[in-house]
Amino acid sequence: MTKLTVIATLVVVYFCFLLGISIPVPIAEAHSIHISYQVEEVEVGVYFGGGAAAQDTDVTVYDPDGNIYITGKTDGNGKFSFEPSARAGEWTVVAEHSGHRAEETIIGGAQAEENGMPLYARVAAGLGYLVGIAGIAIGYAAWKNGRRAKEDDTVSRDR
Amino acid sequence: MHISDGVLPAELWISGTVVASAGVTYVLAKKTDAAEMPKLAVVTGAMFVASLIHIPVGETSIHLILSGLAGIVLGLSALPAIFVSLILQALLFQHGGLTTLGINTLIMGMPALMAYGLFWTGMKSNIARKHALFGGIAGGMAICLGVCLLYLCLLTIGVDPEWLLLCVVVPHLVIVAIEAIIVGGFAEFVVKVKPEILQGYRSVELG
C-alpha cells in the first residue's frame, strides 16, 4: 500500500508540475487565437444631405460612460479628428450645425475579444456541465430500472 | 488537434459531422451501460481539462490530449466522451469549433478506439509488465494516428506540407512521449488498484 501511495503522490506532483510550468507561459493559448485592436485616431466627416461638407460644425464626443470627452469644430472639409483614450466601448459623436443634429456611435478604444470569464471559471463551468449531464443520465437509467423492476413485480404478482 | 470553424471546406466538415454523430449515437444507444456514466463523465472531464496543460515546443505550444487514456478506460464509449469534451472545449475555451466538432471527434476518436484495440490485444499476451507496456504503446500510438489524421485533413485544404511537418507533426512527438508515459503509468497503477475500471482490461481478463 505504501508503494501505491508513493505512486499516487508522484502522479499528483507530476500533474501539478505540468500545470505549474504551463500556465504562466505567455504563448500558453496557442489553440484559440484572438484579435485585439486599438483605435488611435478617429476622423469624422460631417456632410449636409446633398453631400456638401459642413464646415464649422460643433462636434461633441462622448466617451462610453456618457461624459463629454472632447468638443470642437469641423475644418474646411467638414472633418474633425480626435484621439480616443484606451477606454473600450461605444463612443458617441454628436454634430450640430444651425439646428441640425446628427449622431453616430463608434466602437473605439482598446478592444480585446475576450468573454471576460476567467479560465478557472470556465474550467469549473465545464466540469459542472459534465456532472449535470452524468447526473441526468444516471437519473434516467435509475428511473428506467425502477420501472422495469415494477413491471417485473406486477408480472410475477399476476401469475 | 483542433481544427477551427471556417478552415475546412463544407463537404469535409459535413461528412465528418454525419459520420461522427452516427458513431456517437450508435455507441451511446447500444454500447454504453448506464452504470458506466460516472466513469464516462470523469474521463470526459479529464480530457476537457487536459487540453489546458500546455507544453511549449519551439515556437508553438501543444497540449495534452489523453485520447489513448480515454480509449483504454472507456472502450467504444470513448467516442461520446471525446465528442462531449470537444463541445465543452469549443464553447468554453474556443478550442476548435462547432462546425468542426464531427471531424475533430473523428481525428481524436478513431485513434482512441485503436488504442483500445491495441491494449485489448496486448492484454491477451503474457509479456512481463504488459499493462505498462501496452498502456504506453496505446497512449503514444493514439497521438501518432491522431496527428496523421490531422495532417491528412490539413493537407486536403492545401496547407504547406513542410510547414505542417515542422509546426504540427514534430511538436506532437513530444506529446506522444509524454502521453505514452502517462497512459502507461496510469494503466500499471490502475491494474494494481482497481483493474475493473479499464474497459480494455476487463473485456479480456474479467470476461
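Yes/no per residue for (1) closer than 30 Å to A:Ile33 by Cα; (2) not aliphatic (A, V, I, L, M):
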| position | (1), (2) |
| --- | --- |
| A:Tyr47 | no, yes |
| A:Gly51 | no, yes |
| A:Gly72 | no, yes |
| A:Ala88 | yes, no |
| A:Glu96 | no, yes |
| A:Ile107 | yes, no |
| A:Ile138 | no, no |
**Request:** Give the residue, chosen from B:Leu133, B:Leu91, B:Leu98, that is outside any helix (DSSP H, G or I) and surrounded by fewer than 20 Cβ atoms within 10 Å (Cβ to Cβ).
**Result:** B:Leu98
**Asked** When you look at B:Ile103, is it touching a residue at least 40 places away in the same chain (Cβ under 8 Å) and either of a type in the set (A, V, I, L, M, F, W, C) or surrounded by fewer than 24 Cβ atoms within 10 Å (Cβ to Cβ) (or both), yes or no?
**Response** yes
**Asked** If you go through region A:114-129 one residue at a time, do you hit one that is more than 30 Å from B:Pro80 (Cβ to Cβ), without any contact (Cβ under 8 Å) to a residue 60 or more places away in the chain, open to solvent by 40 Å² or more (accessible area, probe 1.4 Å) and outside any helix (DSSP H, G or I)?
**Response** yes
**Message:** So in region B:152-180, with the set limited to residues that are more than 15 Å from the chain's Cα centre (by Cα) and within 14 Å of chain A (Cβ to nearest Cβ), which one is nearest to B:Ala70 (Cα to Cα)?
**Reply:** B:Val174
**Message:** Testing B:Val174 on (1) modelled with pLDDT of 90 or more; (2) within 28 Å of B:Lys31 (Cβ to Cβ), one condition comes back false. Which one is that?
**Reply:** (2)
**Request:** Assess whether B:Leu150 counts as being within 19 Å of B:Val7 (Cβ to Cβ), modelled with pLDDT under 95 and surrounded by 20 or more Cβ atoms within 10 Å (Cβ to Cβ).
**Result:** yes
**Fill in**
For region B:9-49, the count of residues that are within 13 Å of chain A (Cβ to nearest Cβ) and not in a helix (DSSP H, G or I) equals 2
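The values are calculated or read from the model by the stated rules, or taken from the named source; none is laboratory data. Since this is a predicted model, take the numbers as computed values, not measurements. Cβ: placed from backbone, ideal geometry, glycine included. Neighbour counts: every protein chain shown. Accessible surface areas use protein heavy atoms only, side chains included; no ligands, DNA or RNA. Shrake-Rupley method; radii C 1.70, N 1.55, O 1.52, S 1.80 Å.
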